[in-house]
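The values are calculated or read from the model by the stated rules, or taken from the named source; none is laboratory data. Quick caveat: nothing in here was measured; it's all calculated off a predicted structure. Counting neighbours? That spans all protein chains shown, and the Cβs are built from the backbone with ideal geometry, glycine included.
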Amino acid sequence: MGIEIINEPSVIYGKPSLASIDDAIIKPTNEVPSKKYFMALSVTITMLLIGAVSLGLTFYKGTGLWGLKNPVGWGFDIVNFVFWVGIGHAGTLISAILFLFRQKWRTGIARFAEGMTIFAVMTAALFPAIHTGRPWLDGYLMPYPNQHWLWPNFTSPLLWDVFAISTYFTVSFVFWYIGLIPDFATMRDKLAKNADSITQKIKKVAYTVLSLGWRFSNRHWSHYEMMYLVLAGFATPLVLSVHTIVSFDFAVSIIPGWHTTIFPPYFVAGAIFSGFAMVQNVLIIIRKIFDLEHIITIDTLEKMNKIILVTGMMVGYAYGMEFFIAWYSGHEAESFAFINRAFGPFAWSYWIMVSCNVIFPQLFWSKKLRTNIYFMFVIGVLVNVGMWFERFVITVTSLSRDFLPSSWSYYVPSLIDFGILIGSFGLFFTLLFIFIRTMPVVSIAEVKAVIEGSQPTHHHDDEGH
Amino acid sequence: MEEKILHSVTGIFETPDDIIKAAKGVSSAGYKKYDIHTPYPVHGMDKAMKLPWSPLGYVALVLGLTGASLAILLMWWTMSVDYPIVIGGKPLFALPAFIPVTFELTVLSASIGTVLAMIIFLFKFPNTSHPLHDTPYIKKVSSDKYGVSIEASDKMFDLNKAKDFLHKLGAKDIEEIYWDNEELNTVKTIWDKKFLGGLVMIAIIVGGGTYFAINKLVYMTPFNWMMEQPRLDAQSVPVYFNDGFSMRQPVEGTVARGWMPYLITDADTAQLSDAKYMNPVPPTEFNLNKGQRNYNVFCSPCHDYHGTGVSRLKAANKQDFPNPPSLHSAKLRGWSDARIYHVITKGQNTMPSYALQITPEERWQIVHYVRTLQRAMNAKPEDVK
């Protein structure tokens with residue numbers, strides 16, 4: 001009995017020529033987009049403006065406009081922060097960890113996921129900044145010799161967050177940009193040197209500057225590939241560290257329901273879970289609108305669904321384990337905190353979380369369902385709703401009922417809270433739409449490298465061939 | 001027309017197999033200054049070109065270690081040396097709590113530094129004026145063709161030989177690439193007016209913006225609302241109360257913090273020799289020094305530095321001012337500490353009360369100092385042993 005070698009299906013459908021890949025990927029940046037694009041953009045910009053007005057009011061009047069009151073001092077601001085940082089985890093995971101594991105199917109979606117990471121982290125970083133109440137004083141979080149002769153407290157998880165988020169953003173941005181350089185060069189070379197129209201001229205200058213003068217030299221590719229490996233090596237532990245440190249914000253405190261060691265792995269799994277759901281959702285729309293169905297294939301989406309299924313079960317395990325430890329510890333406040341989650345005044349949010357995160361993704365066991373575009377889209381949306389509620393459950397239920405029953409209270413978010421939440425989605429999708437119109441959403445060079453016939457046959461060492 | 005200077009000769013190949021063969025051919029022919037251009041990294045090309053292993057891994061290692069040590073150094077200096085303060089019961093050098101920031105700074109410096117090292121030192125980028133740019137050749141290799149370029153600066157370069165050689169390898173579209181004369185003749189200097197003008201503009205914008213943000217913006221609404229909160233200040237016109245006070249009267253019998261009322265009247269002084277009115281401040285060197293300091297400030301103008309009662313005020317031509325009695329009389333030496341304290345607190349004859357100027361603790365310190373003076377002026381034989 002021989003070993004059966006299962007051939008992976010080709011990453012890209014059909015056998016497109018190299019030049020046709022250029023055209024397919026660059027097309028959205030050259031054409032005047034359809035009416036649908038502008039309609040979508042106007043919706044997201046409206047959402048962004050709602051957020052801007054809510055934030056402006058917050059800056060003017062103060063955080064008293066939010067629903068925060070004792071004992072719930074962390075509300076929508078922190079929930080949204082953790083949610084958006086989580087969304088940002090898929091991108092670097094796809095581009096770094098899957099790169100190290102030589103998963104070729106990542107090529108079609110890596111660039112897009114990286115872009116999403118950057119926008120999600122930008123959106124996320126907004127929340128701790130406004131959460132301080134006086135965001136114009138946030139500069140004091142940086143360790144610099146200031147006139148107060150004070151330094152930040154390096155032993156505080158909240159300061160670790162500042163470093164984790166800013167490092168994560170910078171490294172993701174560099175990773176993204178390094179990948180874009182050859183593609184910018186390709187786009188630059190598609191444009192004539194002395195074009196007539198002013199937009200062509202602007203584009204030419206922009207892409208020339210952004211490509212830094214890349215000229216596809218193999219002497220450069222050699223360093224470039226090593227660089228990519230090194231960056232992936234650094235970004236891999238970085239991805240895992242970011243949500244770990246975010247979870248420290250909770251786990252290092254003593255509030256029942258927060259003070260658990262399961263938080264770091266549980267948060268990382270949840271982040272990958274929600275990030276993949278968001279990437280999958282947006283990709284389904286993008287490949288449809290811009291005719292990239294042969295590059296972002298259904299196989300790729302299916303593989304993403306499998307990861308959603310796996311991480312969803314990890315999250316489910318964590319939910320169960322939390323309950324077990326709460327009982328096993330024999331700690332009265334701890335067991336109360338969890339019973340309160342499932343059956344207390346916030347039980348509705350807990351059961352939304354469990355059904356969206358644990359129950360519905362189980363349907364992905366069926367191959368028929370996980371390859372159905374419409375079905376997977378719905379599950380992706382549900383997962384993101386569920387993951388938002390997970391953060392809500394963790395943050396709000398634990399705070400609203402801690403050790404002192406005399407200070408217990410119910411949390412009601414205000415309209416301004418919802419305005420900022422809507423605005424965060426508006427910011428994220430507006431940035432995404434601008435990205436789609438101005439940059440290649442799929443890595444041209446990487447896709448070319450994995451299509452059939454793009455690499456030399458392995459016989460070139462034999463002279464007799 | 002000015003003669004153009006040759007940069008290189010280029011040729012185009014159609015398939016990855018061809019370009020690998022061509023790369024091997026060019027490198028084994030002995031050319032050193034040549035390059036292969038491909039739209040994506042072709043496997044096996046580094047081997048075919050006999051390129052050395054990229055040193056970037058070592059660069060990253062060195063930069064990462066540098067970042068880690070700088071991070072530890074920063075946290076050690078700020079948390080344990082410059083501003084040592086115990087937080088959450090952790091030691092001043094709390095290594096476990098420093099790990100997250102150390103890790104993040106390691107990753108940050110290693111990845112950013114390695115990328116910059118690659119772009120600036122290995123690629124010599126940004127360089128958008130390379131002769132290859134905007135040639136038909138680079139437009140092909142940036143899309144779907146594979147190219148070889150042999151540079152004219154190579155030692156064994158000869159135009160016709162190189163062209164023949166490329167032709168023999170099977171290259172198509174053989175092309176000569178020339179330097180741009182205009183570009184070559186431009187001398188770059190930092191004294192360029194445009195460059196300096198730009199620099200000045202940037203300095204003005206950044207400086208002005210920073211000045212505005214730090215000195216003006218933070219004092220504007222709403223940024224100044226921390227200072228101007230709706231509140232009742234002392235001496236301000238009250239908004240809510242009709243009695244004319246913005247501050248409320250405390251409940252009767254309220255005692256201010258640190259200001260226990262002194263309830264003993266002059267009639268009760270007899271009980272002050274009781275043991276429960278002992279001096280509560282220990283006669284340490286610190287307390288005696290403070291007592292001396294306050295005695296010299298508040299008491300010495302009348303009582304003299306040594307308690308003799310020779311008033312400096314009288315000496316300053318204020319003839320009407322009576323000298324106080326000496327502090328060394330038998331009567332005063334017989335007084336209890338509390339009795340002296342009582343005089344400082346309540347005053348006596350011409351002497352006013354010093355309760356408002358001197359805190360209770362300082363009064364007790366002064367009492368100690370007065371006792372020291374008395375003992376020094378009336379020393380017993382055993383005192384000088």
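Please specify each residue of the range A:378-434 satisfying the condition of being among the small types (G, A, S) and closer than 22 Å to A:V43 by Cβ.
Here is the first cut: in the range A:378-434, the ones among the small types (G, A, S) are A:380, A:386, A:398, A:400, A:406-407, A:409, A:414, A:419, A:423-424, A:426.
Within the range A:378-434, A:G380, A:G419, A:G423, A:S424, A:G426 qualify.
For the range B:295-310, indicate whether the set of residues that are at pLDDT below 80, assigned by TED's automatic domain parsing to the domain that holds B:H368, exposed (fewer than 14 other Cβ atoms within 10 Å of the Cβ) and in a helix (DSSP H, G or I) is non-empty.
No, the range B:295-310 contains no residue that is at pLDDT below 80, assigned by TED's automatic domain parsing to the domain that holds B:H368, exposed (fewer than 14 other Cβ atoms within 10 Å of the Cβ) and in a helix (DSSP H, G or I).
Every residue, every condition in (1) exposed (fewer than 10 other Cβ atoms within 10 Å of the Cβ); (2) over 30 Å from A:G64 (Cβ atoms), yes or no:
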{"site": "B:L159", "(1), (2)": "no, yes"}
{"site": "B:I177", "(1), (2)": "no, yes"}
{"site": "B:V187", "(1), (2)": "yes, yes"}
{"site": "B:F195", "(1), (2)": "no, yes"}
{"site": "B:G209", "(1), (2)": "no, yes"}
{"site": "B:W225", "(1), (2)": "no, no"}
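Here's a check for you: in the range B:211-223, which residue that is of a type outside the set (D, E, K, R) and more than 12 Å from chain A (Cβ to nearest Cβ) is surrounded by the fewest Cβ atoms within 10 Å (Cβ to Cβ)? Can you show your working first?
To start, the set of residues in the range B:211-223 that are of a type outside the set (D, E, K, R) comprises B:211-215, B:217-223.
Restricting the remaining residues to those that are more than 12 Å from chain A (Cβ to nearest Cβ) gives B:211-212, B:215.
Working: B:Y211: 11, B:F212: 11, B:N215: 9.
Looking at the filtered set, the residue picked out is B:N215.
Results for (1) closer than 25 Å to B:W76 by Cβ; (2) free of Cβ contacts under 8 Å to residues at least 24 places away in the same chain; (3) surrounded by fewer than 19 Cβ atoms within 10 Å (Cβ to Cβ), shown as yes or no for each residue.
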| residue | (1), (2), (3) |
| --- | --- |
| A:N70 | no, no, yes |
| A:V85 | no, no, no |
| A:T92 | no, no, no |
| A:F112 | no, no, no |
| A:T132 | no, yes, yes |
| A:L137 | no, yes, yes |
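So the check is Cβ under 7 Å with 6+ separation or different chains; which pairs have a first residue in the range B:180-197 that's part of a helix (DSSP H, G or I) and a second one that's surrounded by fewer than 10 Cβ atoms within 10 Å (Cβ to Cβ)?
Short answer, once both residue conditions are applied: B:N181/B:E2.
Scan A:D249, A:D299, A:D196 and give me the residue that is touching a residue at least 60 places away in the same chain (Cβ under 8 Å) and surrounded by fewer than 21 Cβ atoms within 10 Å (Cβ to Cβ).
Values: A:D249 fails: surrounded by fewer than 21 Cβ atoms within 10 Å (Cβ to Cβ); A:D196 fails: touching a residue at least 60 places away in the same chain (Cβ under 8 Å).
Result: A:D299 is the single residue among A:D249, A:D299, A:D196 that is touching a residue at least 60 places away in the same chain (Cβ under 8 Å) and surrounded by fewer than 21 Cβ atoms within 10 Å (Cβ to Cβ).
Report the residue count in the range A:317-349 for those that are under 14 Å from A:E390 (Cβ atoms), touching a helix residue (DSSP H, G or I) at 6+ places or on another chain (Cβ under 7 Å) and surrounded by fewer than 16 Cβ atoms within 10 Å (Cβ to Cβ).
1
Within the bounds of the range A:257-276, is there any residue that is facing chain B (nearest Cβ under 10 Å) and not β-branched (V, I, T)?
Kept after step one, since they are facing chain B (nearest Cβ under 10 Å), are these residues of the range A:257-276: none.
For the range A:257-276, residues facing chain B (nearest Cβ under 10 Å) and not β-branched (V, I, T): absent.
Go through the residues of the range B:346-359 one by one and say whether even a single one is in the same structural domain as B:N279 (by TED's automatic domain parsing), in contact with a His (Cβ under 8 Å, 6 or more places away or on another chain) and closer than 22 Å to B:P282 by Cα.
Going through the range B:346-359, the residues in the same structural domain as B:N279 (by TED's automatic domain parsing) turn out to be B:346-359.
The next check asks that each one be in contact with a His (Cβ under 8 Å, 6 or more places away or on another chain); those that pass are none.
Within the range B:346-359, none of the residues are in the same structural domain as B:N279 (by TED's automatic domain parsing), in contact with a His (Cβ under 8 Å, 6 or more places away or on another chain) and closer than 22 Å to B:P282 by Cα.
On the basis of being more than 10 Å from chain B (Cβ to nearest Cβ) and assigned to a helix (DSSP H, G or I), does A:I202 make the cut? Quick ask: steps written out before the conclusion?
Details: more than 10 Å from chain B (Cβ to nearest Cβ): yes; assigned to a helix (DSSP H, G or I): yes.
Yes; evaluated as a whole, the condition is true for this residue.
Consider the range A:156-173. How many of its residues are surrounded by fewer than 21 Cβ atoms within 10 Å (Cβ to Cβ), at the interface with chain B (Cβ under 8 Å from one of its Cβ atoms) and either more than 21 Å from A:V252 (Cα to Cα) or at pLDDT 95 or above (or both)?
Here the count works out to 1.
Would you mention how many residues in the range A:431-447 are surrounded by fewer than 20 Cβ atoms within 10 Å (Cβ to Cβ) and among the polar types (S, T, N, Q)?
So the count comes out to 1.
Every residue in the range B:109-126 that is touching a residue at least 40 places away in the same chain (Cβ under 8 Å), among the hydrophobic types (A, V, I, L, M, F, W, C) and more than 7 Å from chain A (Cβ to nearest Cβ), please.
Answer for the range B:109-126, where residues must be touching a residue at least 40 places away in the same chain (Cβ under 8 Å), among the hydrophobic types (A, V, I, L, M, F, W, C) and more than 7 Å from chain A (Cβ to nearest Cβ): just B:A117.
Residue check, A:T123 against (1) within 14 Å of chain B (Cβ to nearest Cβ); (2) over 17 Å from A:L283 (Cβ atoms); (3) of a type in the set (S, T, N, Q), all met but one. Which one?
A:T123 satisfies all of (1) within 14 Å of chain B (Cβ to nearest Cβ); (2) over 17 Å from A:L283 (Cβ atoms); (3) of a type in the set (S, T, N, Q) except (1).
Inside the range B:1-108, counting only helices (runs of 4 or more DSSP H) that do not spill past its ends, which hold 1 or more residues that are more than 11 Å from chain A (Cβ to nearest Cβ) and exposed (fewer than 13 other Cβ atoms within 10 Å of the Cβ)? If you could, list the steps in order and put the result at the bottom.
Details: elements: B:16-28, B:45-49, B:56-76.
Result: B:16-28, B:56-76.
So which of B:S153, B:S143, B:S149 ends up being crowded, with 17+ Cβ neighbours inside 10 Å, hydroxyl-bearing (S, T, Y) and under 17 Å from B:Y31 (Cβ atoms)?
On the way: B:S153 fails: crowded, with 17+ Cβ neighbours inside 10 Å; B:S143 fails: under 17 Å from B:Y31 (Cβ atoms).
Just a single option satisfies the conditions, and that option is B:S149.
Among what's in the range A:368-423 and is part of a helix (DSSP H, G or I) and among the small types (G, A, S), pick the residue that is nearest to A:I307 (Cα to Cα). I'd like the intermediate steps shown before the answer.
At the first step, the residues of the range A:368-423 found to be part of a helix (DSSP H, G or I) are A:368-370, A:373-400, A:405-407, A:415-423.
Now drop any that are not among the small types (G, A, S), which leaves A:380, A:386, A:398, A:400, A:406-407, A:419, A:423.
Numbers: A:G380: 12, A:G386: 16, A:S398: 29, A:S400: 34, A:S406: 44, A:S407: 42, A:G419: 32, A:G423: 29 Å.
So the residue we want is A:G380.
Condition check: modelled with pLDDT of 90 or more and over 20 Å from A:L309 (Cβ atoms). Does A:I262 satisfy that? Break it down stepwise before answering.
Working: modelled with pLDDT of 90 or more: yes; over 20 Å from A:L309 (Cβ atoms): yes.
Spelling it out, A:I262 is indeed modelled with pLDDT of 90 or more and over 20 Å from A:L309 (Cβ atoms).
In the set A:L210, A:L180, A:L238, A:L231, which member is buried (at least 18 other Cβ atoms within 10 Å of the Cβ), facing chain B (nearest Cβ under 10 Å), of a type outside the set (V, I, T) and within 21 Å of A:I436 (Cβ to Cβ)? Spell out the reasoning first.
On the way: A:L180 fails: facing chain B (nearest Cβ under 10 Å); A:L238 fails: within 21 Å of A:I436 (Cβ to Cβ); A:L231 fails: within 21 Å of A:I436 (Cβ to Cβ).
When all the criteria are applied, what remains is A:L210.
Report whether or not A:L150 is touching a Leu at 6+ places or on another chain (Cβ under 9 Å) and either without any contact (Cβ under 8 Å) to a residue 24 or more places away in the chain or within 22 Å of A:E293 (Cα to Cα) (or both).
On the way: touching a Leu at 6+ places or on another chain (Cβ under 9 Å): no; either without any contact (Cβ under 8 Å) to a residue 24 or more places away in the chain or within 22 Å of A:E293 (Cα to Cα) (or both): yes.
Answer is no for this residue.
Got a sec? Which of B:A256, B:A267 is farther than 23 Å from B:R375 by Cα and in a helix (DSSP H, G or I)?
On the way: B:A256 fails: in a helix (DSSP H, G or I).
Criteria check complete, one pass: B:A267.
More than 30 Å from A:V239 (Cβ to Cβ), in a helix (DSSP H, G or I) and at the interface with chain A (Cβ under 10 Å from one of its Cβ atoms): does that describe B:K161? Spell out how you get there, then give the answer.
Details: more than 30 Å from A:V239 (Cβ to Cβ): yes; in a helix (DSSP H, G or I): yes; at the interface with chain A (Cβ under 10 Å from one of its Cβ atoms): no.
No, not satisfied.
Only one residue in B:L288, B:L313 is more than 26 Å from B:R257 (Cβ to Cβ), touching a Phe, Trp or Tyr at 6+ places or on another chain (Cβ under 7 Å), at pLDDT 90 or above and part of a helix (DSSP H, G or I). Which one?
Working: B:L313 fails: at pLDDT 90 or above.
The match here is B:L288.
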